[in-house]
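Here, each number is a calculation from the coordinates, and none is a lab measurement. These figures come from a predicted structure and were not determined experimentally. Quick reminder, even Gly has a Cβ in these numbers, built from the backbone with ideal geometry, and neighbours come from all protein chains shown.
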Amino acid sequence: MSQSRQNRRHLYEQLVGQTVADRYEIVSLMGFGGMGAVYEALQRNMNRHIALKYIPSHDPVTAARFEREALTVSQLRHPNTVTVFDYGQTDDGFLYLSMELLSGRTLTELIDEQSPLPPERVVHIASQICRSLAEAHEMGIVHRDIKPDNVILIEVDGDPDVTKVLDFGIAKAVSNEDNETLTGDGRIIGTPRYMSPEQIQSDDIDHRSDIYSLGCMIFEMLCGAPPFEGRNTTALMISHAQDPPPPFAERLSDQKLEQIPYGLERVVRRAMAKSPHDRPQNTDELRVELEEALDAHQSGRPAPNFDASKTSPGHLDSSADLSNEGNSSIFDGINPLLPAAIIGAAFVVLLMMGAILFFSGEPDDEAAEEDALAAQMEEVPQPPAAPDEEVELQPPKIVSVSDTIHLRIESEPSGADVIEGDETLGETPLNLSLTPEELVDSLTLSKRGYRNKDVELDVAVDDSAEQTFSFELRSARAARRRPPPPEDDEDDGPSIPLLFGGDDDDDDDDVPLIPTL
C-alpha cells in the first residue's frame, strides 16, 4: 500500500465513533477511495444500521458531483437499485449520503471465485441490471460507470443472486442542462475496462453507453475475463475504440463453449457494437434478447433472429464482428425456401377433405362427390394397383428447411479475416448462425503474409447441426511483419484526443457506493 493511501486510511479511521448530522453514529470504516469513504453507521432516531458515504467538500468539482449523485439517486425506486435515505452537508464542510446497508458480495468477487458462470445465471443477473437501468434511463439518468464492482448480489428468499446496482454518483442527467465543468476540462469519468467508445473519445453519450458497458460485463461473466485487457490504460482504451470483441471460442474450451447458446454470443456482441445505433436501443430490448436466446437454447428451438428494424440498417445479427459501424446488410435479396413445405401441407389438407366427403356423402350424391374428389386428386401421383385392390394415396414428401443454419469457418493458420464483398465478418475460427434467407455461398479469406483465398460454401439448408468448412492458406512470398510493441508503458504510441483525470493509484481503489458486510 502506498504511503498516501495509508495516510488517507488513518484519517478516515479517526472518524469512527463520531456522530454525523446529530443522528448517524459511525461504527466502522468499510472502504475508501479517491472520492471519499464508506462507513457502517447507526441511525439513532430509527435504530437501524445504514451505509454512510462521507467525503470532504474542499474540492468544488467533487462536491458538485456528490450533490448531483444525491439528487439523482434519491429519485430511483426500483428494487434492483440501492435505496437512498438521506443526504446533506455537515457544518464542518463534509458531505454525506445515507443508504441501505447490504449484506452480500460484489459481482467482481463472484466472477473471481466462480467464472465462467453458467448462461442461466448470467442472464438472471444481467436481466436485473437491465431493469434497474431502465428506470434510470427513463428519467434521463445515465450511470456512466457500469462495472462488476458497482453490482452487489444479496440473497433473498433463497435466491443468492438478487442484484443491486450501486453508485450513480457520476451519472449524467441528460434531460436537463448539464454542467460540463463537473467532469473537468477533458477529464473522463468511468472505468476504462468497461467504457464505451463514445465515452472514451469524449463524444456525447446517452443511455446506450451503459448498454455497451453491460455488454462487456456479460462477456466477462460468460468468458471469465473482460473482452479487452491492455498493457496500459491507453492501449486498453484504444482497443475499446477500435477493436472488435474477441469471439468466445478464443476464451473458452470446447466443452465450455458448447454450453453457451448460439444466440447468446450474438446478443453480447451486438451490445458491444462500436456505434450506438447498432446496439439494442434500450435495456428492455437487450433483456428480452438475452432471455429469448437462453429460452430458445433450453427448449431446443433455433436461436431467434431479432428484428433488424430495432437497430440501424447496417447491423449484421451473427456471431461475426458486430462491432463495426456502418455495415451494410450482405444477405438481402435471397428468396425464402419455404414454399415447397407449404404446398405439401396443402396437399395433405385436400386429401383429408376428400376422404371426409367420400365416406360421409348420401347415396344420391355419390357420383358428384366422386367427381369432386377426382378433380382434387387429378394431379396427385398414385401407385399402380391390382383391379380389385384398394388404392392407398401417399402424400407428397415435404422438404424440411432448417430455421437456423449454423456454420463454422476455419482456416490453417487461424486468424484470417472472413470477407463477403466489401465487408469483414470476423476472424477464423468464426461461428455464424444464419437463416436460409441470409445464406451466402462464397467468401474470401485474407491474412497478412498469406495469399487471399476465395472459397465456396456447399451449405445443406435442411441441416440444423453445425456445418464446418476448413480451408488452408498459402504463404505469400514476402510477408510483411508488424513492428513489435514498445517495451515500456510510456504513452508514445497511438493516442486518443483526451486527458485523464484523477489519481492513477485510485483507479482500482474506488469502493462501490454500498460495500458488502
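Structure above, values below:
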read-out	value
Cut-off under 5 Å, modelled amide H: who pairs with residue 162 long-range	154, 156
Relative contact order, percent, the range 405-472 [alpha-carbon distance under 8 Å, six or more residues apart]	42
Likely footprinting exposure, 278, 92, 206, fewest C-beta neighbours within 10 Å first	92, 206, 278
Interchain or long-range residues, amide H under 5 Å from residue 467's placed H	406, 407, 408
Protection-proxy order for peptides 420-427, 221-228, each taking the mean of Cβ atoms within 10 Å per residue, highest first	221-228, 420-427
Local electrostatic count at residue 120 - Lys and Arg +1, Asp and Glu -1, tallied over other residues with Cβ under 12 Å	-2
Amide proton proximity set for residue 48, modelled H, under 5 Å, gap of 5+	43
Pairs from 274/447; 274/453; 164/256 whose Cα-Cα separation, in the structure shown, is over 26 Å	274/453; 164/256
Phi to ³J(HN,Hα) by Karplus 6.51 cos²θ - 1.76 cosθ + 1.60 over the range 78-84, Hz, x for Gly, Pro	5, x, 8, 10, 4, 8, 9
Hydrodynamic radius of the range 3-100 per Kirkwood, over alpha carbon pairs, in Å	13.9
